[in-house]
Structure formats: C-alpha cells, structure tokens
Amino acid sequence: MTDILLTTYPEHKSQNVGDALITASTLALVRNKWPDFDPILFFREKSLNGFTKKVRHNVIAPGFAVTNKTYPGLYSLFDDLDRIDGFFPLGCAYQHVDASPAAFFDVAMDAATRNFLGRMAERHGPFPCRDEMIVQRLQRNGIPAIYSGDMALFDADRIGRDPVPVPEVPSIVVSLQHGVSYLEQSVELLKSVRKRFPDSPRYVSLHSVGGPLLSILEARAKQLGFHSLRLAGPAENLGAYAEIDLHIGYRLHGHIHFLRNRKPSILLVEDARSFGFSRTPGTAFGCIQASHGRLGDPDDEAVTRAMAFLQGQIERGFADYEKVFGFIDDTYRQVIDSAMERIAEHLQRSRETIRQAAGDGSAAVPTGDDGGGGEATPSKMD
C-alpha cells in the first residue's frame, strides 16, 4: 500500500507558487492529524501504473481539476481505477478564462468526464469543491459535490486567531494578473496605489515564472516605486508576505494567503477561478469584478471601485474582514477538521492492514515497481 499525493504544482513549467501552497497546506493539514503522513509526491500528469499491482493504493489529490478531459488528460492516475483503495480529491478546482456564470453553466461537460466523475463519486463519496459555483456545476451534471473551500485557506495553527492589525501607514503588495487584456488596468491599479499610499513601502509580486507580460509590468512597477517580489517556486517563498500588511491584486492565492494569515486583501476577479471564489457567500467579501465577464473585456471602473472599497475599509479599521475569517474558521471546524481525521484514519488502517499481512506471511510489503508500466520515483515537499 502506497500513499500518493498528486500535486498541481508545475515545477517544470510556470512554478506557480499558488499550486505549491495548495500542496503544502494539504500536507500540513493531514500531518496535524497524523504526523507520520509521508506520501510520495507525483505531478498530476504522471502515470501511476508503475506502482506495484500486489495491493491497492491511496491517492490524495488537492486542487483536483474537475474540468473536461480530467481523466486521463489532466490526471493519468492508473489505467485500472480499481487499483485505487482510497481516493481523496480536496478543494476541487475548475478553470475557464471567463469570469461569469456562463463559464460554469453554459460549458457542457463531456460524457467521458461525467462518467469518470460519477464513477469516482459513487465509490469514494462526493467531490469537495473550493467554491460554490463548482458545487453547482457538478450537481447540475449529476455528480455529488459539497463545499470544502480551497485547501490553501486553512492553517490549523491560525484557526480562531484574532485579525492582524493594520498600521496607519501600511505596507502594501499588488499581485499581477494572468491575462494580457488587463495590462492597462493593472498599470492603473499601480498608479492608484502609489497615489493613495505615497509614504508606504510598496511591492509588486509575481507568482509564476515571468513571461513578456510580467516583465513589462514588473519594469513599469519599478518605475512607479514598487519593489519586486519574485515568488515563483515552493510555498516557502510566500514568507515574503509576512511583513506586508495589505494585498490588492489579481492572484487568487495571494488573496488566500493573506486571508489565511488574518490580513485584509482585495481580489480583482479576472477568470472563473476567482469568480467562483467571489460567488461563494463566505468568501465574496473583498472581491471586485475586473471585467464584464468575458476574456479581453476589462471593466474601466474596476480600479476605482477597488480603491473606494479599500478606503471604506480603512475608515472602518478593516473590521468587516472578521466575518471572512470567521467563515474560514467555521469551514475548518465543520468540514476540514473531520475530513482530515477521516483521511488520517483511512491511511493508518491501510498501513496496519499491510503490517498484519506481512506479519502472517500472507503478503509481502510492496517496495517498488513490478513491471506495471513506469517507475515510481519518490519526491518530498515539506
């Protein structure tokens, strides 16, 4: 029996630190219940066929994408899905370039994906989703689903803690977007932040390996007096946010990182990932629509609305964010804590079954490949 954690972190591509945070958060949450949790990490596209066929395996999949061609396109898994003993998708995700209900409800789910998701739900239970829009999309297609939130929202050590106070002259970071259509809007945002916070330490953050767009924006930000934070890579890179008081920008997991750490954040919603977050009642606060819902159609008033919202929160001492932090706490206590307990108990039972089988000589403990079609190479992310 092997515990396999499928990461969405593209170390060989963009090195998106948000994906790294999802993986690191999940590891910490399970280890909070079972400190011995030590899975083999695989990128989601890698085949698992190389693991021994002598036993079935546990698969933990944080940020599991429930888009078309999930299996075997985005996730190779096993050719024979019966080789999975426990399947634990967590904070399931859905991607689309548009920030609108149509992205969730007017995009048809292909039959192969519907059949796969339905089969896995029947065997392993409802899919826990990171926002309510994904829950509705799955349920409309006959797939059992529940709300769990994004795994990156939760840090067991911070549940129930008080908000971090924001000083009179706060340090502020602006996270940069994915889409080129928001180029002019993001420059307007940088200028507005500089005007509103002329005496504050100001930063601009890049969550992925920079391309031409990010390079242009980074250079413009430096001209406007912003310090650059290149955060692509492991989740530890987000430690650069520790001394920064306020976030405003486009990166969902920049926004989430501040919320999990009890700090205020404003999210400019540019695609379906952020849109689903903004349409979930408990996390909708602080989300500003950046477009009119379609790719390449930015809202000219988005920055004005965002800065007006920010000014209102400054005047109220950011007290309204307490309801967001309370929602995160409630979701952890009502959903995540018990889910992690169930996962830990299942993994421990699996290990005990193997020990008993090895002890009475009825089976050998699996240690490697048995010719099933690929090599299983351990990898760790702590």
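The values are calculated or read from the model by the stated rules, or taken from the named source; none is laboratory data. Every value quoted in this text rests on a predicted model; they were computed, and no experiment measured them. Every residue, glycine as well, gets a Cβ built from its backbone with ideal geometry; the counts of neighbours run over all protein chains shown.
Restricting attention to the range 195-215 and to residues that are outside any loop (DSSP other than H, G, I, E, B) and in contact with an Asp or Glu (Cβ under 8 Å, 6 or more places away or on another chain), the residue that is surrounded by the fewest Cβ atoms within 10 Å (Cβ to Cβ) turns out to be L206.
In this structure, L190 does not satisfy being modelled with pLDDT under 95 and closer than 22 Å to H253 by Cβ.
Taken together, D337, D300 contain a single residue that is among the acidic types (D, E), under 22 Å from P163 (Cβ atoms) and either at pLDDT 95 or above or outside any loop (DSSP other than H, G, I, E, B) (or both), which is D337. Assess whether V164 counts as being under 24 Å from G18 (Cα atoms), more than 22 Å from the chain's Cα centre (by Cα) and not in a helix (DSSP H, G or I). So V164 fits the description; yes. Assess whether V204 counts as being of a type in the set (A, V, I, L, M), at pLDDT 95 or above and within 24 Å of the chain's Cα centre (by Cα). Spelling it out, V204 is indeed of a type in the set (A, V, I, L, M), at pLDDT 95 or above and within 24 Å of the chain's Cα centre (by Cα). Does any residue of the range 128-143 turn out to be of a type in the set (V, I, T), closer than 25 Å to L295 by Cα and assigned by TED's automatic domain parsing to the domain that holds E345? Within the range 128-143, one or more residues are of a type in the set (V, I, T), closer than 25 Å to L295 by Cα and assigned by TED's automatic domain parsing to the domain that holds E345.
Matching residues to (1) touching a residue at least 40 places away in the same chain (Cβ under 8 Å); (2) under 20 Å from K13 (Cα atoms):
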residue	(1), (2)
L213	no, yes
A221	yes, no
A235	yes, yes
E243	yes, no
F258	no, no
R262	yes, no
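Within the range 282-300, no residue that is among the basic types (K, R) sits with its Cβ atom under 7 Å from a residue that is outside any loop (DSSP other than H, G, I, E, B) and surrounded by 16 or more Cβ atoms within 10 Å (Cβ to Cβ) at 6+ positions apart or across chains. Scanning the range 258-296 for residues that are of a type in the set (V, I, T) and either in a helix (DSSP H, G or I) or in contact with a strand residue (DSSP E or B) (Cβ under 6 Å, 6 or more places away or on another chain) (or both) yields I266, V269, T283, I288. Scanning the range 167-180 for residues that are surrounded by fewer than 18 Cβ atoms within 10 Å (Cβ to Cβ) and outside any loop (DSSP other than H, G, I, E, B) gives a single hit, V180. There is at least one residue in the range 283-303 that is in contact with a Pro (Cβ under 9 Å, 6 or more places away or on another chain) and under 26 Å from Y332 (Cβ atoms).
If the condition is being touching a Leu at 6+ places or on another chain (Cβ under 9 Å) and either buried (at least 20 other Cβ atoms within 10 Å of the Cβ) or touching a residue at least 24 places away in the same chain (Cβ under 8 Å) (or both), then the range 122-141 contributes R123, F127, P128, C129, R130, L138, N141.
Residues in the range 66-92 that are crowded, with 20+ Cβ neighbours inside 10 Å and in contact with a Pro (Cβ under 9 Å, 6 or more places away or on another chain): V66, F88, P89, L90, G91, C92.
Across the range 306-355, the number of residues qualifying as buried (at least 19 other Cβ atoms within 10 Å of the Cβ) and at positive phi comes to 1.
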